[in-house]
Amino acid sequence: MTDQPGEALDDTVDDEPDDAVESEDALVEAADDGRPTFRLGYVPGATPGRWARTWRDRLPGVRLALVQVDAADAPAALVERQVDAALLRLPVDGDVLHAIPLYTELPVVAVSRDHLLAATTEDEVVAADDVADDVVWLPADDVLYPAGEPVPGRAPEAYDDGAGGLVEPERPATAADAIALVATGVGVTVVPMSLARLHHRKDVTYRVLDGGPGAPVGLGWLVDGLPDDVRELVEEMIGIVRGRTANSSRGRAAAGRSDAKTAEVTKPARAQGQRGGGAAQGRGSGQRGAARRGGGSRPSPPRKGRRRGSR
């Protein structure tokens, strides 16, 4: 169960933020520089770059440390206080973690460049029937198909070991391993689009899977046990990913700006009929606008092309 306190975000965005190809290495700050540190975890495929830049503009006095964690390990990283908040795969256990949805990724079928589907244009979508005859290799760290959910295509079958025995095929450990296996032409895989981009290879391409399961991504943090100063910084991060303006953000940064504005208001200014606090900043153009500002532009939906039947 996912706990979604407060203002809900649009969670129907079809793709991850548009800075997905940016290297997070460029966002690493120097450690041990005397500033307090806020640790933001992120799972493979998630892209904290835009939000990290906003944080550094608004809270230069607090170092932001980006910590990559495996998707399956993200909840434990929060519970064990290895990170203070995390961009993780949803859903989460609402008794342990709060979470707000940010966007939902499209599922894609990754195929070798020699596969028939590679002959379609990149903006065409494919259906489950198009891979009905293909072996589908789901990685052990799959985030699309919970146990028991039907998977398109054929499951890998046991093969003869040459000595009269049967060998059960080993499941690829990660999405990167599955995509590397696909490159050899022995089948296909289905992964969130961000992982297909993250593990891009020249000998593999991908097409959106029409009707396939989405992969929601959200911001998560502990329900209980956070020190007050860390919870305050979590509120700052919530404001950033929700697209709040600097003046509407909660926490220490907003408080500091409010104090500065109050100090600037003088008695002569009030006597002249001027407003002391300045014009109020708007909250944005609604939930969808907030999601796009925090998580990147919504891509144009892929057009449905001619579906290919079973080969």
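The values are calculated or read from the model by the stated rules, or taken from the named source; none is laboratory data. All figures in this text were calculated on a predicted structure; none of them were measured in a lab. Virtual Cβ from ideal backbone geometry, glycine too; neighbours counted across all protein chains shown. For accessibility, only protein heavy atoms count, side chains too; no ligands or nucleic acids. Shrake-Rupley method; radii C 1.70, N 1.55, O 1.52, S 1.80 Å.
Which pairs do you get when a residue that is within 19 Å of Arg171 (Cα to Cα), found in region 115-144, comes within reach of a residue that is open to solvent by less than 40 Å² (accessible area, probe 1.4 Å) and basic (Lys, Arg), reach meaning Cβ atoms under 6 angstrom, with the pair 6+ apart or on two chains?
Val143/Arg89
Within the group Asp114, Asp129, which residue is modelled with pLDDT of 95 or more, over 18 Å from Glu232 (Cβ atoms), more than 22 Å from the chain's Cα centre (by Cα) and not in a helix (DSSP H, G or I)?
That would be Asp114, the only listed residue that is modelled with pLDDT of 95 or more, over 18 Å from Glu232 (Cβ atoms), more than 22 Å from the chain's Cα centre (by Cα) and not in a helix (DSSP H, G or I).
Is it the case, given these coordinates, that Leu88 is open to solvent by less than 10 Å² (accessible area, probe 1.4 Å), within 22 Å of the chain's Cα centre (by Cα) and in contact (Cβ under 8 Å) with a residue 60 or more places away in the chain?
So Leu88 passes the test.
From the list Gly214, Gly256, Gly225, Gly251, which one is closer than 21 Å to Ala86 by Cα, open to solvent by 20 Å² or more (accessible area, probe 1.4 Å), modelled with pLDDT under 90 and of a type outside the set (D, E, K, R)?
The unique qualifying residue is Gly251.
Please specify each residue of region 179-196 satisfying the condition of being surrounded by 15 or more Cβ atoms within 10 Å (Cβ to Cβ) and within 16 Å of Val135 (Cβ to Cβ).
Passing the criteria: Ile179, Ala180, Leu181, Val182, Ala183, Gly187, Val188, Thr189, Val190, Val191.
Looking only at region 131-178, count every residue that is touching a Ser or Thr at 6+ places or on another chain (Cβ under 8 Å) and either open to solvent by less than 40 Å² (accessible area, probe 1.4 Å) or aliphatic (A, V, I, L, M) (or both) and tell me the total.
9
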